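Q: The structure is given below, and queries will be raised subsequently.
Each value in this text was obtained by applying a stated rule to the coordinates, not by laboratory testing. Predicted model, so just to flag it, every value in this text is computed and none were measured. Backbone-built Cβ (ideal geometry, glycine too); neighbour counts: all protein chains shown.
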Amino acid sequence: MFLPSRELGRTGFRATRLGAGDVADRALPVADCVATLRRALDAGLNVVDTAPNYEDGLSEQIVGKAVRGRPRSDVFVIDKIDHLHEPVAPQVDGSLARLRLTHADLFVFHACSTPADLDRLLAPGGGFEQLANEVQSGRVRFRGISSHHPEVLVKALHAGACDVVMFPVGPFVDSRYETDVLPLAQARGVGTVCFKTFGAGKLLGDTEGYQRPLSSPAAGTPLPRLTVDECVRYTLTIDPDVALLGLGTPAEQDAAFAAAQAFTPMEETELAATRERALRAIARKGDVWWNPPA
């Protein structure tokens, strides 16, 4: 396998340490987006993340086209339940139809970031029970949540309802994702798939996230930045099972692949220095929505 890999929690799937997400861009032809994702899969990545609300279903269609023709067991497809308190089955129906797949490997409750949301999902007859029915039917293999709140993730892990959890890890995230959530998930055999390695692009360029232009552009000299290599090394040092990257161009892909292949862990002093530089790189670039309010 081209990239470093490891077991994804207790799922039995051996996942590459890098995965592909954020695959849809309506400014580009669909065929180009499909080709970019196929390039990542051809290079060895075997975890792909999507959701219905990523460009109104376009991301799911791209993922479906990209994985078509490959052995289904070779790619771990993650999809999401966007509407936390609506029935699960119709949402799974819609996603599988857009993917044109008979099943997805993992469905997670998307942006489950308040204790009240989690409590409703865990209640009898709630989302987790409904998703368990989808596992029984064979349309879903594993369950989990994606969250922007460390305390919600810790509570979900203690509840024992998740096979995989998804949360931010990178040079600029709330430290509790690293100190509380990740060790607990690892101790309980729960897979960890993480995002925000590049801070939604803020750490690499002058953007408010996902290539949106700055509302108050800097005059003259570009704002401070990190490199792809620094961000990837940082995240792999923290050690989630999979780091999802937005690998939107061949150049970005190649830089991330090279960083993963040449990976050596950062020492604690280097981690601290990278966090300090990330703090400067993300300043003046808008809301950091993946960290809970102070």
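Q: Using R₀ = 45 Å, calculate the FRET efficiency as 1/(1 + (r/R₀)^6) where r is the Cβ-Cβ separation of Arg100 and Ser216; round to 0.05. Don't jump to the answer; show the numbers that get you there.
A: Numbers: r = 43 Å, r/R0 = 0.96.
The calculated FRET efficiency here is 0.55.
Q: Something else: Order of Met266, Met166 from fewest to most other C-beta atoms within 10 Å?
A: Details: Met266 17, Met166 29.
Taking fewest neighbouring Cβ atoms as first place, the list is Met266, Met166.
Q: What's the local net charge at Ile238, with K and R +1, D and E -1, over the other residues with C-beta under 14 Å away? Write down the numbers at each step before the final one.
A: Working: positive: Arg6, Arg17, Arg176, Lys196, Arg233, Arg275; negative: Asp174, Glu178, Asp180, Glu230, Asp239, Asp241, Glu267, Glu268, Glu270.
Overall, the nearby charge balance is -3.
Q: Report, by chain and number, residues whose modeled amide H sits under 5 Å from the one on Val47, excluding near sequence neighbours (fewer than 5 apart, same chain).
A: Close amide H contacts, sequence-distant or interchain: Thr16, Ala20, Phe76.
Q: Oh, and also: Once fully extended, how much extra length lies between Asp56 and Asp287, figured as 0.36 nm per residue of separation less the alpha-carbon to alpha-carbon distance?
A: Working: separation 231, 0.36 × 231 = 83.16 nm, distance 2.27 nm.
Gain in length upon complete extension: 80.9 nm.
Q: Give me the number: length gained by fully extending Leu122 to Asp82, i.e. 0.36 nm times residue separation minus the C-alpha to C-alpha distance, one decimal in nm. Present the calculation step by step, with values, prior to reporting the outcome.
A: Numbers: separation 40, 0.36 × 40 = 14.40 nm, distance 1.60 nm.
Stretched out fully, the Leu122 to Asp82 stretch lengthens by 12.8 nm.
Q: Here's another thing I want to ask about it. Once the Cβ-Cβ distance between Thr227 and Asp74 is put in as r, and R0 is 45 Å, what FRET efficiency do you end up with, to the nearest 0.05? Intermediate results must be reported in sequence, preceding the final value.
A: Numbers: r = 31 Å, r/R0 = 0.68.
According to the calculation, E is roughly 0.90.
Q: Here is a further query. Quick one: order Ile78, Ile145 by neighbouring beta-carbon count within 10 Å, fewest to most. Please list the in-between numbers first.
A: Numbers: Ile78 25, Ile145 28.
Placing the least packed residue first, the sequence is Ile78, Ile145.
Q: Right, next: Please report the antiparallel percentage of the DSSP beta bridges confined to the chain, to the nearest 5. Mind showing how you got there, number by number?
A: Working: 3 of 29 bridges.
The antiparallel fraction comes to roughly 10 percent.
Q: Using a cut-off of under 16 Å, list every residue of the stretch 186-224 whose amide N is near the label point 7 Å from the Cα of Arg10 along the Cα-to-beta-carbon line.
A: Counting only backbone N, you get 186-192.
Q: Further, regarding this structure: Normalised by the empirical 2.2 N^0.38 Å for globular proteins, what value does the Cα Rg of the chain take?
A: 0.95
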